[in-house]
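Written out below as structure tokens is the structure these notes cover.
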Amino acid sequence: MSTLASDKLRAIQRELNKPELKVIQEVPTRWNSAYHMLQRIVTMKTELTLALNECNRAPPGVNADEYLIIQETIQILEPFDLATTKISGESYITLSLIIPLIRGIKTKLVEVESQIVTESGNKILLCMKGSVDKRLSPYESRTPVVLATILDPRFKKKGFKTSDDEKRAGQWLEKAYASHLTKERLAVEETQPTPSTSSGTSNDLLGFLDVPDVSTPLSNSLVDVRQYLEKPVIDRKECPITYWKYTNNKLKELAMLYLCIPASSVPSERIFSKAGQILTERRNRLKEKRLNELLFIKQNSCYFND
């Protein structure tokens with residue numbers, strides 16, 4: 001929008017006692033920018049129409065049919081905006097949210113379908129459904145995502161859509177936990193000294209009691225996994241980390257391995273963005289150590305006392 005058009009828009013907003021908002025530009029590399037652009041157009045409908053009427057050689061305004069298509073598009077894109085905002089957080093667990101959010105998106109798109117009346121709206125809806133199946137559904141079969149979901153006490157098996165998905169998740173958890181127990185046992189055995197044998201032990205009639213119980217990692221994992229899954233899920237507002245902190249189930253070690261994985265690269269991209277603000281052409285003499293220190297302070301400033 002030109003400077004002249006922006007000035008006229010701002011004047012109209014003041015005259016109508018409306019917030020002085022600006023139009024939002026759609027950016028291909030920015031998530032949901034198209035959604036926010038359309039949402040802003042609807043919010044500023046009156047002001048934009050009046051501003052366009054006062055501008056010479058202005059493009060034609062949006063008519064009623066086009067506004068209907070825009071509103072339908074907003075309905076279709078809204079669940080994607082909610083989902084991406086949710087998985088972009090830094091102060092809570094995000095990886096375990098992926099599968100439930102995909103399921104939630106699919107559910108919302110089915111609900112929206114009955115409200116779409118335009119041909120363009122139906123085409124957009126069909127396109128987005130296809131994109132979900134092509135781009136998002138594969139996440140439902142990725143090991144870290146599946147294990148993070150079932151190890152989140154807010155979801156467990158409820159996060160999955162079908163009974164087959166629930167069964168597969170349970171089997172993957174048992175297998176991963178058995179492997180974890182095996183590595184743990186081998187690490188302990190390597191640190192323990194080999195017991196010495198003496199001639200007197202052959203005459204000990206109770207020596208058989210010293211033989212350790214034979215239990216496989218798989219049998220142990222089945223017990224722990226069953227105990228965990230049989231307990232009811234916790235409230236979605238509760239923190240999974242707090243749950244595992246105060247539970248005695250050995251699954252907590254495996255849970256921490258997967259629940260700490262971020263669902264997206266947004267947190268790291270924010271750090272790189274901060275690095276770009278700190279290390280500039282006019283401050284290009286900063287050493288790596290000092291830059292890391294400044295980034296650490298910037299990233300954790302919310303935890304420092306005033």
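The values are calculated or read from the model by the stated rules, or taken from the named source; none is laboratory data. The structure displayed is predicted, hence computed values, not measured ones. Cβ atoms come from the backbone with ideal geometry, glycine included; neighbour counts cover every protein chain shown.
Among the residues of the range 5-25, those that are surrounded by fewer than 14 Cβ atoms within 10 Å (Cβ to Cβ) and part of a helix (DSSP H, G or I) comprise Ser6, Asp7, Arg14, Glu15. If you check Gly61, Gly89 for being under 31 Å from the mean Cα position of the chain (by Cα) and either modelled with pLDDT of 95 or more or not in a helix (DSSP H, G or I) (or both), only one passes: Gly89. From the list Ile105, Ile99, the one residue that fits, being in contact with an Asp or Glu (Cβ under 8 Å, 6 or more places away or on another chain), under 30 Å from Pro144 (Cα atoms) and either surrounded by fewer than 16 Cβ atoms within 10 Å (Cβ to Cβ) or assigned by TED's automatic domain parsing to the domain that holds Gly121 (or both), is Ile99. Among the numbered criteria (1) touching a Ser or Thr at 6+ places or on another chain (Cβ under 9 Å); (2) touching a residue at least 24 places away in the same chain (Cβ under 8 Å), which single criterion is violated by Glu47? With (1) touching a Ser or Thr at 6+ places or on another chain (Cβ under 9 Å); (2) touching a residue at least 24 places away in the same chain (Cβ under 8 Å) applied to Glu47, the lone miss is (1).
When Leu251, Leu257, Leu173, Leu229 are checked against the criterion of being modelled with pLDDT of 90 or more and in contact with a Phe, Trp or Tyr (Cβ under 7 Å, 6 or more places away or on another chain), Leu251 stands alone in meeting it.
Give the residue that is surrounded by the most Cβ atoms within 10 Å (Cβ to Cβ), with candidates limited to residues of the range 64-84 that are under 31 Å from the mean Cα position of the chain (by Cα) and free of Cβ contacts under 8 Å to residues at least 24 places away in the same chain.
Among those that are under 31 Å from the mean Cα position of the chain (by Cα) and free of Cβ contacts under 8 Å to residues at least 24 places away in the same chain, it is Ala83.
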